[in-house]
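Peer 1: What follows is a structure written as structure tokens; I'll ask about it next.
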Amino acid sequence: MAAILSWLNDNEAQKWLNDNQGVVSAAIFLLTALFGWASGIFGALRRKPKLKLAIIPGPTLCTTFTTGAKHGDFPVHRTALSLYLRVSNVGTAATSIENVSLGYHWYLRPRFTFEWVRYRLFWYWLDQPAITMTDFQADVGQHIKIYPSLFQGSATTGRSTDVYLQAGQSVNGVVYFEQRDSWGGFMPFPKSHRTRVKVAVKDVFGTHHKQCFWIPVVPLAEAQKYNPSFGQTYHSLQQEGGKAGA
């Protein structure tokens, strides 16, 4: 810097600058334009969505129940989970919610190191929410509260949730998952009437925003207070498929 200032104070340098004002002006213009272009690029790269996840009390729960059937010597069971989820865009660019998936740990007690890694570190994922036959709801005094679904339109109101989020916006909605017939320890690991799940929200750009939560484990009858068709999606679809094939 001292060398540049010394050169600018030199008489010959001042004479050169005076004789080449056009060249200097053009160079300053190009450098300014280049700096502005680079700043815009870097600013655009810094603008990206960031989704923050939260669980709201209500129809946030997990239940595992037997079906009465057997697989060999093992009773067949199903697992169903619902999340009353709040998704907030705390980033600097808009995005849309494309999908929500849910992971849990199996209810198996590891005997060897590789089993501990598999059953305690890795997650089993339910990759797609399931549909529900009826809306999630709750009695509030003399009224009935209808919980919005994050992806499925309401059968009661006919409305669907807008999952496009500008920066600073949030949305609430129920996401429901149901696992097909299983047996043995192929169900969420319970601990003090709760289970730990990992929720992954995929935005329209393909980014997964993940967070872990502890949710209550309840009997099927308790879950069906929020939705009478809780745990019955695949059973209903199988029945409809059987009728269609008859």
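Read-outs: derived from the displayed coordinates by stated rules, not from any lab. Computed from a predicted model, the values in this text were never measured in an experiment. No Cβ is skipped: glycine too gets one built from the backbone with ideal geometry, and neighbour counts run over all protein chains shown.
Peer 1: For a quick check: with amide H placed at 1.01 Å from N, whose amide H comes under 5 Å from S96's, ignoring anything fewer than 5 positions away on the same chain?
Peer 2: Amide H to amide H, under 5 Å and 5 or more residues apart or across chains, S96 pairs with L165, V204, F205.
Peer 1: Which entries in K48/K198; K50/K145; K191/K225; K70/K202; K50/K225 show an alpha-carbon gap greater than 32 Å?
Peer 2: K70/K202; K50/K225
Peer 1: Just to confirm a number: summing +1 for Lys and Arg and -1 for Asp and Glu over residues other than V201 whose beta-carbon lies under 12 angstrom from that of V201, what do you get? Each step should come with its number before you reach the end.
Peer 2: On the way: positive: K50, K52, R86, K198, K202, K210; negative: E98, D203.
For residues surrounding V201, the net value is +4.
Peer 1: Something else now. Please give the contour-minus-distance gain from F189 to T67: 0.36 nm per residue of separation, less the Cα-Cα distance, rounded to one decimal in nm. Intermediate results must be reported in sequence, preceding the final value.
Peer 2: Values: separation 122, 0.36 × 122 = 43.92 nm, distance 1.90 nm.
Result for the pair: 42.0 nm of gain on full extension.
Peer 1: Would you work out if the stretch 122-200 is rounded, prolate or oblate? Take a ≥ b ≥ c from the square roots of the eigenvalues of the alpha-carbon gyration tensor; rounded if a/c is under 1.5, else prolate when a/b is larger than b/c, oblate otherwise. Before the final figure, lay out the partial values.
Peer 2: Numbers: a/c = 1.92, a/b = 1.48, b/c = 1.29.
Judged from the Cα gyration tensor, the stretch 122-200 comes out prolate (a/c at least 1.5, a/b above b/c).
Peer 1: On a full-extension model of 0.36 nm per residue, what is the gain between K48 and S236, subtracting their alpha-carbon distance, rounded to one decimal in nm?
Peer 2: Answer, rounded to one decimal: 63.6 nm.
Peer 1: Which whole-Hz couplings ³J(HN,Hα) result when phi for each residue of the stretch 144-161 is put into the Karplus expression 6.51 cos²θ - 1.76 cosθ + 1.60, θ = phi - 60°, listed in order with x for Gly and Pro?
Peer 2: Result, rounded to whole Hz: 10, 8, 9, 7, x, 8, 6, 10, 9, x, 6, 6, 7, 9, x, 8, 10, 7.
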